[in-house]
Structure formats: C-alpha cells, structure tokens
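Engineer: Take a look at this one; I'll ask things after.
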Amino acid sequence: MAKRMGIYKCEHCGNIVEVLVEGVAPLECCGAPMTLMEEKTADHTTEKHVPFVEKTEDGYRVRVGENAAHPMLEEHYIQWIELIVGNSVLRQELNPGDAPEASFCCGHHEDVVAREYCNVHGHWTS
Ligand SMILES: [Fe+2]
C-alpha cells in the first residue's frame, strides 16, 4: 500500500512520484516496485541535509542546511524543498546553481514541517 505524501523512486528509470491518495496496490514502474524514499533526519546544526525553518515577516524561509549550505552542483543538488503547513503542501523546485533555500509567503501556523530531496542523498525532513 502506498503511503500518503510518500516519495517513491523507480530505481530503473529515475521517475519520482509523491502520493496524494493512498491506494491498496503497491506502486510500480518499469515492471518493478518503486522504492519509498524514507524521510531521514538528524541534528540540523551539524547535518547539512536537514531543512532549517526560520520565520519571516509573512511566512517561512527554509535553508538546507543551517550552518553549511548544501552543494548545488549539476551532479549533486537539492531538487526541491517542501513546506507542509496544515492541509497545504507548498513546493519550490530548485536547479543547480540556485541557493539551497526557499521562501514561502503563507502566514504563520502552529505545525510547520519542511522536507527536501537531494538527488544523491535522498529525502530529509526537519
Ligand atoms: Fe546531498
């Protein structure tokens, strides 16, 4: 069964999908099961993959990471940053050469979670 909001990757062709609604069947691509990219986390002060969330005047800024910016090279970069606020999922897609950060003008909320995806090191959450 697919996991809602789960990020799945095809190890054969590189397709990556995010599940909006859980179905009963496992996700498949290229004739094989897709891999659930588990959300990793660690100490945000030392691990540069952990999204660091700061309040701004009108929302939030998410940096990857807090004390050392993640590389944004063609072969190793942050593909997207998500901010989950209540029932909303906000996503900023990034390209090599961009800053590893995103700003979201969404007001302030009680529960805010950030996630990011590194093309080499996978899926990370705050
Ligand atoms: Fe990385």
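Engineer: Multiply the residue gap between His121 and Trp80 by 0.36 nm, knock off their C-alpha separation, and tell me the result in nm, one decimal place.
Structural biologist: Net length gain for the segment: 13.5 nm.
Engineer: Take the alpha carbon gyration tensor of the stretch 62-101, find the square roots of its eigenvalues, order them as a ≥ b ≥ c, and report rounded if a/c is under 1.5; if not, report prolate when a/b exceeds b/c, else oblate.
Structural biologist: oblate
Engineer: Which net charge results when you count Lys and Arg as +1 and Asp and Glu as -1 among the other residues whose beta-carbon is under 14 Å from that of Ala32?
Structural biologist: Around Ala32, the surrounding residues sum to -1.
Engineer: Mind running the shape call on the chain? Use the C-alpha gyration tensor, a ≥ b ≥ c as the square roots of the eigenvalues: rounded below 1.5 for a/c, prolate if a/b tops b/c, oblate otherwise.
Structural biologist: oblate
Engineer: Just add up the charged neighbours of Thr45: K/R +1, D/E -1, any other residue whose Cβ is under 13 Å from the Cβ of Thr45.
Structural biologist: -1
Engineer: Another question, if that's okay. Grab the Cα-Cα distance for Arg4 and Cys106, subtract it from 0.36 nm times how many residues apart they are, and report the gain in nm with one decimal.
Structural biologist: Between Arg4 and Cys106, full extension yields 34.5 nm more.
Engineer: For the stretch 3-126, what's the relative contact order in percent, using C-alpha pairs closer than 8 Å and at least 6 residues apart?
Structural biologist: Relative CO of the stretch 3-126 lands at 23 percent.
Engineer: All other residues with a Cβ under 14 Å from the Cβ of Met72 taken together, and with Lys, Arg as +1 and Asp, Glu as -1, what is their net charge?
Structural biologist: Surrounding charge for Met72 is -4.
Engineer: Enumerate the calculated ³J(HN,Hα) couplings along the stretch 42-48 in order (Karplus 6.51 cos²θ - 1.76 cosθ + 1.60, θ = phi - 60°), each rounded to whole Hz, writing x wherever the residue is Gly or Pro.
Structural biologist: Ordered by residue, 3J(HN,Hα) equals 6, 5, 5, 7, 10, 9, 6 Hz.
Engineer: Now a separate question. Give, in nm to one decimal, the length gained when the segment between Lys55 and Asn87 is fully stretched (0.36 nm per residue of separation minus the Cα-Cα distance).
Structural biologist: 9.6 nm
Read the figures in this text as sums done on the coordinates, not as results from a lab. Worth saying up front: this structure is predicted, and the values here are computed from it rather than measured. Virtual Cβ from ideal backbone geometry, glycine too; neighbours counted across all protein chains shown.
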